[in-house]
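Read the structure below first, then the notes.
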């Protein structure tokens, strides 16, 4: 009986040990399988991380080589997996945030970097595409600022000179005849569309329409495909029965078609036009001609008309003016008198500035349509403390016999199918700041006493004064500021 009892325990022990061995075997197999899965998953994440790194480095390289802007998304496909990259710049384009998601099968790793600003490639003269370059005599283009080093001439293609000129470093020699610095070529990939130069110059603008939206919001101007057609204010005085109007000091006098007249007085303190007991924010004269002798716009006045003439010894300030047809600025007493326009914004299809001494300080000169911005008199446009933006949606024509200085920025939009900056000057012509053309076809001929100088301090002042122009970005080094890593499970 005892032997039978012992056999029973032996069977039970054998069954228990068998069960333990089965459990151990299953556990070992499970652990082996889990280990395989873990090793396999880790290998996938390693490949995904490599893809994230490759995407990040590719984006950084393209940004620093000026073949990609810091905005938008980009997918890079590799032999094993891919990288999805997003790029976002800060408001002033001083830093670039790069988000790179590396993907391999079902594993993803995100790498993030914030890199310091790079030179946005402003220069003394920047052309989307330069067809011809001709520099002779004492004409020169220079970028010699120690705090913001950038090329003097920048193009979207390899530019060659049609005549001999000296390429050299900055010099104190006042008789230098040189393009100072080699022409610099921007990647043509960036310049296939006009977005690069538009975004480089204007805040929150990626095309020409964005520029019009900015001007409309800031100055209350309405546009029709770039042509200024009116004022957007709600409380506007207008009358269809007017022949012509004259502005002098703070008085606007208009003649009715029946021979009577109406007078509106402008209050510079509250910025209102007053007619009897009524007050108006702006005046719109339709296509009626307007003559301006002088005007004090105080807090800022707005007038729209057809053709506008500035005559006599003008003193005009703080006026936003829309001329649906043309603006003529001249002096009927001869060029011995000055025409002074301060902190004003002129919007017109066509300009003719002649037979005068023009002093234009601050603000904007905007031209658009089929006409020209013709400068045919001695002029000082902009000052170092109050530079001017010349925004040409059409051609810019300058008489080389006059003495003209432009301090600020000359920007030519892509509406110009062909832009020619041709100046054979027996006088003196200077640009202190920059000239930038977004036209797809440009030519430059400068001879005689012509000086185009890159001045970042003036451009920064212009940016501060207007608010919608970006200041030049100077090279602050190409080192990353921050890197982070994150797995996605």
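The values are calculated or read from the model by the stated rules, or taken from the named source; none is laboratory data. Please read these numbers as outputs of a predicted model, since none were measured by experiment. FYI the Cβ positions are ideal-geometry reconstructions off the backbone, even for glycines, and counts take in every protein chain you see.
When you go through (1) assigned to a helix (DSSP H, G or I); (2) at pLDDT 80 or above one by one for residue 36, which number turns out not to apply? Every listed condition holds for residue 36 apart from (2).
Taking residue 203 as the residue in question, decide whether it is under 23 Å from the mean Cα position of the chain (by Cα), modelled with pLDDT of 85 or more, crowded, with 16+ Cβ neighbours inside 10 Å and under 23 Å from residue 346 (Cα atoms).
Taking the combined requirement at face value, the residue satisfies it.
The test for being closer than 27 Å to residue 202 by Cβ, surrounded by fewer than 14 Cβ atoms within 10 Å (Cβ to Cβ) and assigned by TED's automatic domain parsing to the domain that holds residue 393 does not hold for residue 265. Counting only strands (runs of 3 or more DSSP E) wholly contained in the stretch 233-306, the ones carrying 3 or more residues that are more than 21 Å from residue 317 (Cβ to Cβ) and touching a residue at least 24 places away in the same chain (Cβ under 8 Å) occupy 242-248. Quickly run through the stretch 352-378 and pick out the residues that are modelled with pLDDT under 85, in a strand (DSSP E or B) and surrounded by fewer than 23 Cβ atoms within 10 Å (Cβ to Cβ). Within the stretch 352-378, 352, 354, 355, 357, 372, 374, 376, 377, 378 meet the criteria.
Considering only residues in the stretch 440-477 that are modelled with pLDDT under 70 and touching a strand residue (DSSP E or B) at 6+ places or on another chain (Cβ under 7 Å), the one that is surrounded by the most Cβ atoms within 10 Å (Cβ to Cβ) turns out to be 476.
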